[in-house]
Amino acid sequence: MSHSLGSGPPPTPPQKPSTSLRRRLAELRGPAAPARPLDARALAALAANPGCRRRALLDGAGVDKGALAEAIGSPSAAFGQSQFAFMRGNAFEAKVKGDGGTELLRLLYERMGTGAEPPGAAASPDLAAAGPEGRAARTALALREATTAGEWALLDHPMLALDVAGSPAYLEPDAVVVHPDGRWTVVEIKSFPMIDAAADPSKVGAAARQSAVYVLALERVAERTEGASVDHSVLLVCPKDFSNLPTASVIDVRKQLSVTRRQLTRLARIEDIADALPPGTTFELDGQSGAALASAVEAVPAVYAPECLSACELAFHCRSRARQQDLVTALGRPLRGELGALTTIGDVLAAARGEAGDPADPTVAAVRRAAALRAEATGARTGARPAMAPPRTAEAAGEAPCEAPDKAPHRAAHDRTAPASAAPAAPPAPQPPADDATPAPQPAAGARPVSQPAAAEATAPEGAPCR
């Protein structure tokens with residue numbers, strides 16, 4: 001089989017865990033608790049943070065992380081879909097796969113069927129078997145038979161196996177289509193809409209990472225099948241606009257496939273993580289207090305990043321611990337990568353103040369330079385503002401406060417309506433008439449009379465104090 005860009009060497013078949021490892025994982029999970037199987041979403045999140053041993057061990061042991069987070073006092077209510085979302089997704093998937101998958105094959109042929117005969121009646125083999133191991137074996141047999149027959153075949157919810165940190169994980173894609181030329185294509189059906197042939201980029205990216213895990217698992221089967229090859233472009237089927245009619249788009253997952261393969265190889269083996277635990281460590285929910293479970297969780301090292309909030313049920317617990325320990329990782333993975341050996345916020349601040357750190361270290365030098373620029377900017381901003389004297393008021397100068405002209409008539413009206421019990425104001429002293437007094441000019445006919453305060457203000461000499 002030829003490998004295209006991003007495929008790399010063929011993956012090794014998953015090895016069945018030894019009896020001692022399975023017993024050890026059952027002890028960690030609790031003998032009475034059923035194991036939660038890994039799915040593609042969990043594997044994609046695990047591959048995005050390969051340094052987190054806590055998630056690798058809990059997922060490998062099949063521990064219910066949601067129940068564990070609730071037991072230790074850090075529940076995460078943001079995970080899971082509503083019942084309405086489940087019903088809508090299942091109804092849309094049934095519509096796409098109805099009538100023997102005719103609509104699905106039509107969309108696939110329109111987008112990816114170049115060089116092949118139009119699909120007619122596609123074969124749909126029965127994949128029922130006992131247990132996930134039996135279903136995975138039955139899926140591999142059906143893929144080989146369909147490839148040998150050289151006809152269109154639609155596998156509804158096949159079961160694939162993938163080795164993750166020394167333990168097999170069983171995955172179930174929505175559908176896999178076998179082309180007459182031996183190509184295998186993963187079909188991912190989602191219920192979020194494509195509006196004007198475009199969908200939410202974050203949701204499309206999550207679907208691409210999830211599909212890359214399926215492609216990686218399919219490569220294991222294709223490596224042992226003559227004439228088979230796995231298509232590194234997946235078919236994403238979504239509702240069109242605001243209707244329930246299906247539409248499709250082709251997504252190239254070579255980049256996500258390469259990243260997932262590289263990250264999964266970096267995962268520490270589960271038996272190595274389990275051997276490093278203190279004796280008697282268990283995550284059994286029955287019969288243990290929240291403090292004991294929290295101590296068991298803390299016994300496994302974790303690597304927190306803000307991206308964990310949308311991918312792991314224990315993210316809130318890990319975030320609170322990272323904040324208590326003053327870790328830089330709580331601020332984001334890019335910032336953590338820029339700061340190098342400065343792993344805590346205290347170390348960063350000490351290096352910025354010149355109290356710690358090697359001046360020859362480029363990271364320390366950059367932090368100090370940034371602190372100097374900030375001090376210079378804040379100092380210039382605060383120092384350029386001169387001290388301003390308090391405003392001079394009429395009361396401070398010994399003068400009567402100036403009253404606005406528009407308030408004078410209201411003041412006069414208030415004085416006229418004052419109660420009779422109030423002490424009458426002293427009458428003004430009579431002024432002797434001036435010898436050269438001239439009668440005041442009368443306003444012209446039709447002119448608006450000028451009020452006394454306004455007239456006084458208008459005739460007051462410039463610079464005279466306000467009375």
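The values are calculated or read from the model by the stated rules, or taken from the named source; none is laboratory data. Small disclaimer: the values here were computed from a predicted structure and weren't measured. As a convention, Cβ positions derive from the backbone with ideal geometry for all residues, glycine included, and neighbour counts pool all protein chains shown. SASA here: full protein model, heavy atoms, side chains in, ligands and nucleic acids out. Shrake-Rupley method; radii C 1.70, N 1.55, O 1.52, S 1.80 Å.
For residue 153, list long-range residues whose amide hydrogen, built 1.01 Å from N in the peptide plane, is under 5 Å from its own amide hydrogen.
It is 123, 178, by chain and number.
Please give the FRET efficiency for residue 88 paired with residue 269, using the beta carbon to beta carbon distance and R0 = 41 Å, rounded to the nearest 0.05. Before the final figure, lay out each step's value.
Details: r = 40 Å, r/R0 = 0.98.
After rounding, the FRET efficiency stands at 0.55.
For residue 331, project a label point 7 Å along Cα to C-beta. Then give me every residue of the range 289-306 with its amide nitrogen under 20 Å of that point.
303-306, by backbone N distance to the label point.
Just to be sure I understand the model, the point goes 7 Å from the Cα along the line to the Cβ. What's the resulting residue 343 to residue 250 distance in nm?
Simple spin-label model gives 4.7 nm for this pair.
So how exposed is residue 147, as accessible area in Å² (1.4 Å probe, rounded to 10)?
Counting only protein heavy atoms, the figure is 20 Å².
Contour minus end-to-end for residue 137 and residue 291, with contour as 0.36 nm per residue of separation and end-to-end as the Cα-Cα distance? Write down the numbers at each step before the final one.
Details: separation 154, 0.36 × 154 = 55.44 nm, distance 4.28 nm.
So the extension gain works out to 51.2 nm.
Expressed as a whole percentage, what fraction of the accessible surface of the range 179-241 belongs to carbon and sulfur atoms when a 1.4 Å probe is rolled over the protein heavy atoms? Numbers along the way, then the final one.
Numbers: 1050 of 2140 Å².
Result for the range 179-241: 49 percent of the exposed heavy-atom area is carbon or sulfur.
From the residues 124, 148, 96, which one has its Cα farthest along the dipole of the range 90-151 in the positive direction, the dipole being from +1 and -1 charges on Cβ of Lys/Arg and Asp/Glu about the Cα centre?
96
May I ask you to rank 286, 59, 241, 181 by accessible area, largest first, using a 1.4 Å probe over the protein chains only? Walk me through the numbers before you get to the answer.
Values: 286 120, 59 15, 241 55, 181 90 Å².
Descending order: 286, 181, 241, 59.
In debye, nearest 20, what is the charge dipole magnitude of the range 120-241 about its Cα centre with +1 on Lys and Arg Cβ and -1 on Asp and Glu Cβ, if you could check? Display every interim value, and only then the final one.
Working: 10 positive and 17 negative charges, 35 e Å.
Its charge dipole is roughly 160 debye.
Could you tell me the accessible area of residue 86 in Å² (1.4 Å probe, neighbours in place), rounded to the nearest ten?
Only protein atoms counted, so the area is about 100 Å².
Rounded to the nearest 10 Å², what accessible area does residue 364 show when all protein chains are kept and the probe is 1.4 Å?
It works out to around 0 Å².
So who's got an amide H within less than 5 Å of the one on residue 163, skipping anything under 5 residues away but keeping other chains? H placed 1.01 Å off N, in plane.
Residues meeting the amide H criterion: 169.
Could I have the simple spin-label model distance between residue 99 and residue 23, label points 7 Å from Cα toward Cβ, reported in nm to one decimal?
5.7 nm
Just to make sure I understand: if all protein chains stay in place, what is the order of 170, 214 by accessible area at 1.4 Å, largest first? Walk me through the intermediate numbers first.
Details: 170 55, 214 10 Å².
These residues rank, largest area first, as 170, 214.
Checking the a/c ratio against 1.5 first, then a/b against b/c, what shape does the Cα gyration tensor give for the range 92-215?
Numbers: a/c = 1.76, a/b = 1.09, b/c = 1.61.
Note, shape of the range 92-215 comes out oblate.
Classify the range 163-296 as rounded, prolate or oblate, taking a ≥ b ≥ c as the square roots of the eigenvalues of its Cα gyration tensor: rounded when a/c is under 1.5, otherwise prolate if a/b is larger than b/c and oblate if not.
Values: a/c = 2.88, a/b = 1.61, b/c = 1.79.
The shape class here is oblate.
Tell me, what is the FRET efficiency for residue 361 and residue 320 to the nearest 0.05, using R0 = 51 angstrom and their Cβ-Cβ distance as r? Could the numbers behind the result be given before it?
Details: r = 31 Å, r/R0 = 0.60.
The formula returns an efficiency of 0.95 here.
Excluding ligands, DNA and RNA, what is the solvent-accessible area per residue of the range 283-346 at a probe of 1.4 Å, expressed in Å²? Working shown, then result.
Details: 3270 Å² over 64 residues.
Result: 51 Å² per residue.
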